[in-house]
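Structure record follows, encoded as structure tokens.
The values are calculated or read from the model by the stated rules, or taken from the named source; none is laboratory data. From a predicted model like this one, the values you see are computed outputs, not experimental measurements. Because the Cβ atoms are built from the backbone with ideal geometry, glycine has one as well, and the counts that use them run over all protein chains shown.
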Amino acid sequence: RQGVGEPSVYHAVVVIFLEFFAWGLLTTPMLTVLHQTFPQHTFLMNGLIHGVKVSATFAASLVTSPAIGAYLARAYSDTLVVVLASGVALLDIGFILIAVPESLPEEMRPVSWGAPISWEQADPFAVIGFSSETVATFIGVVGILSILAQTVVLGVLMRSIGNKNTILLGLGFQILQLAWYGFGSQQW
């Protein structure tokens with residue numbers, strides 16, 4: 001028997017948390033280097049480098065690890081932060097190799113995994129009955145609406161209700177959007 005316990009979503013949560021925790025520790029040293037390299041576009045370059053990764057573990061590590069990294073860098077040194085982040089990354093790799101059965105060779109994986117995953121049942125668009133064309137249309141419409149929201153609507157809102165209220169309004173609509181996706185059961 002290999003791995004730690006039965007395969008579960010907790011394995012993924014631990015791995016993803018450790019990954020983002022390690023990246024979070026490096027936030028302050030990376031921003032320092034980015035600011036020295038791109039003084040006029042530090043945060044733009046940071047966003048381009050990191051991309052967008054969203055999950056609950058990302059949120060948890062986003063909140064905790066930059067603060068810990070900044071504190072440790074101020075109290076000790078950037079070198080300690082880099083060594084600690086590297087250690088967390090190595091711990092992450094070790095956890096993957098030891099505890100996550102998917103990383104094991106096929107012959108060493110537990111036989112008791114049960115039925116294979118049906119990706120057709122796991123696909124939220126297929127469950128609702130979207131065809132490939134409908135999914136493409138949906139993504140296109142959402143993309144066009146996103147472009148309009150981020151260019152035209154955002155500028156108008158920021159000028160008329162201010163930055164803070166625009167953010168609050170955006171968060172409110174994000175909650176509604178995610179709830180709509182979560183509770184939606186019809187194609188309409």
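Worth a mention:
- Verdict on residue 171 being farther than 30 Å from residue 32 by Cα, outside the structural domain of residue 18 (by TED's automatic domain parsing), at pLDDT 75 or above and under 25 Å from the mean Cα position of the chain (by Cα): no
- Residue check for residue 176: loosely packed, with under 11 Cβ neighbours inside 10 Å and at pLDDT 85 or above: yes
- Every pair of residues 6+ apart whose Cβ atoms lie under 8 Å, when the first sits in the range 128-150 and is assigned by TED's automatic domain parsing to the domain that holds residue 171 while the second is small (Gly, Ala, Ser): 128/184; 128/185
- Residues of the range 79-100 that turn out to be in contact (Cβ under 8 Å) with a residue 40 or more places away in the chain, part of a helix (DSSP H, G or I), surrounded by 14 or more Cβ atoms within 10 Å (Cβ to Cβ) and not acidic (Asp, Glu), as a count: 10
- Lone qualifier among 130, 138 - being at pLDDT 75 or above and surrounded by 11 or more Cβ atoms within 10 Å (Cβ to Cβ): 138
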